[in-house]
Amino acid sequence: MEETIIEEMYSGFCKALNETRTVFCEFVEKDGKRSLSQADCAYGTCPHTETCLLMRQADKNMET
């Protein structure tokens, strides 16, 4: 199957930067499943990854 690249933006409060911001995310969709390939924040390595309300929006749009 063909891979599709999907770009989305999410806005919310960033705990690490202590400010409101917009994060641009790139997803790869293949076989009906989406995975996050890039985000212009430290998601995954940020100390707030587990409790990040901003990126939780992106989590809802992907399947691992």
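The values are calculated or read from the model by the stated rules, or taken from the named source; none is laboratory data. Source: prediction; values computed, not measured. In this analysis, Cβ positions are derived from the backbone assuming ideal geometry, glycine residues included, and neighbour counts consider all displayed protein chains. Ligands, DNA and RNA are stripped out before the accessible areas are found, and what is left, the full protein with its side chains, is counted by its heavy atoms. Shrake-Rupley method; radii C 1.70, N 1.55, O 1.52, S 1.80 Å.
Scanning the stretch 11-24 for residues being in contact (Cβ under 8 Å) with a residue 12 or more places away in the chain and farther than 14 Å from Cys46 by Cβ gives a total of 3.
Scan the stretch 34-60 and report the pairs whose first residue is farther than 14 Å from Tyr10 by Cα and whose second residue is polar (S, T, N, Q) and exposed (fewer than 13 other Cβ atoms within 10 Å of the Cβ), with Cβ atoms within less than 7 Å and a gap of 6+ or a chain change. Between residues of the stretch 34-60 that are farther than 14 Å from Tyr10 by Cα and residues that are polar (S, T, N, Q) and exposed (fewer than 13 other Cβ atoms within 10 Å of the Cβ), the close pairs are Ser35/Thr64.
Taken together, Thr45, Thr49 contain a single residue that is of a type in the set (S, T, N, Q) and within 12 Å of the chain's Cα centre (by Cα), which is Thr49.
Residue by residue, here is whether (1) assigned to a strand (DSSP E or B); (2) among the hydrophobic types (A, V, I, L, M, F, W, C) holds:
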position	(1), (2)
Tyr10	yes, no
Phe27	yes, yes
Ala42	no, yes
Thr45	no, no
Gln57	no, no
Met62	no, yes
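Restricting attention to the stretch 29-40 and to residues that are open to solvent by less than 90 Å² (accessible area, probe 1.4 Å) and not in a strand (DSSP E or B), the residue that is modelled with the lowest pLDDT turns out to be Gly32. Every listed requirement among (1) out of contact with any helix residue (DSSP H, G or I) (no Cβ under 7 Å at 6 or more places or on another chain); (2) open to solvent by 50 Å² or more (accessible area, probe 1.4 Å); (3) at pLDDT below 95 is met by Thr20 save one, (3).
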